[in-house]
Amino acid sequence: MIQGAIFDLDGTLLDSMSVWDTIGEDYLRSLGMEPKENLRETFQAFTLEQSAEYYREHYGVTLSVTEIIKNVNAMVENYYIEIVPLKPGVKELLTKLHNHGVKMCIATATDRHLAEAALKRCGVRKFFSEIFTCAQVGKSKEDPGIYHAALEHLGTDKTQTVVFEDACYALKTAKADGFVAAAVYDAYEDNQKEMRAISDFYIDDFSDVDAFVNSISK
């Protein structure tokens, strides 16, 4: 029976990947530069700090890492505070898990204040005892450190703790480290075949909340 749940945020709980799809290029253009590549693919596994360093090293941006992060956050802040929606069925899922006594927290690459703002506005912040960020642990989700921090906080057994992720690379990290892996479909992830193959649960959407909760409660 599942005791704990660690949720990614963007693309898993929030229908927010569209803003991250273009933010890398939008930021460069705000500086009068044209991107030389698909920055969404380049930045997929990066923290904001790593992305900022990339701008400095590969595009000659002279602002500090702190200044770049501040500027990027300013571009997306209004979206998180005012606009970004939950994916359909998310609130119902969280309510059911809470009622089943499942402990929950967030593990995200997104800046904490943006995560807090979106979760509060959407009325679901109360379900999560803590928010862990890649910046906080100092590693991207290519390393299981963020999941270890979340697990220690929850105090649950790893084999009875499910990690919900929409990104294949992050799901692979959690699965390889011994967590129960739940793949959440998002249109911005191309590797759905691999996601389905490596996951313990594959979720097309959260429309059938009762069936999913029953399946992880056995």
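The values are calculated or read from the model by the stated rules, or taken from the named source; none is laboratory data. These figures come from a predicted structure and were not determined experimentally. Positions of Cβ are generated from backbone atoms using ideal geometry, with glycine treated the same way; all protein chains shown enter the neighbour counts. When the accessible area is computed, the model is the full protein with side chains, heavy atoms only, and any ligands, DNA or RNA have been set aside. Shrake-Rupley method; radii C 1.70, N 1.55, O 1.52, S 1.80 Å.
Does region 19-32 include one or more residues that are in a loop (DSSP other than H, G, I, E, B) and within 20 Å of VAL84 (Cβ to Cβ)? No: zero hits. Quick one: which of ASN214, ASN191 is among the polar types (S, T, N, Q) and closer than 22 Å to THR42 by Cα? Checking each option against the conditions leaves just ASN191. The set of residues from region 60-88 being within 22 Å of ALA5 (Cβ to Cβ), crowded, with 16+ Cβ neighbours inside 10 Å and either at pLDDT 95 or above or touching an Asp or Glu at 6+ places or on another chain (Cβ under 6 Å) (or both) comprises LEU86, LYS87. Of the residues making up region 187-199, at least one is within 14 Å of the chain's Cα centre (by Cα) and open to solvent by 60 Å² or more (accessible area, probe 1.4 Å). In region 23-59, the qualifying residues are those that are surrounded by 14 or more Cβ atoms within 10 Å (Cβ to Cβ) and among the hydroxyl-bearing types (Ser, Thr, Tyr), and the one that is farthest from the chain's Cα centre (by Cα) is TYR59. Can you confirm whether region 63-81 contains a residue that is in contact (Cβ under 8 Å) with a residue 12 or more places away in the chain, part of a helix (DSSP H, G or I), of a type in the set (Asp, Glu) and under 16 Å from ALA135 (Cβ atoms)? Among the residues of region 63-81, at least one is in contact (Cβ under 8 Å) with a residue 12 or more places away in the chain, part of a helix (DSSP H, G or I), of a type in the set (Asp, Glu) and under 16 Å from ALA135 (Cβ atoms), which makes the answer yes.
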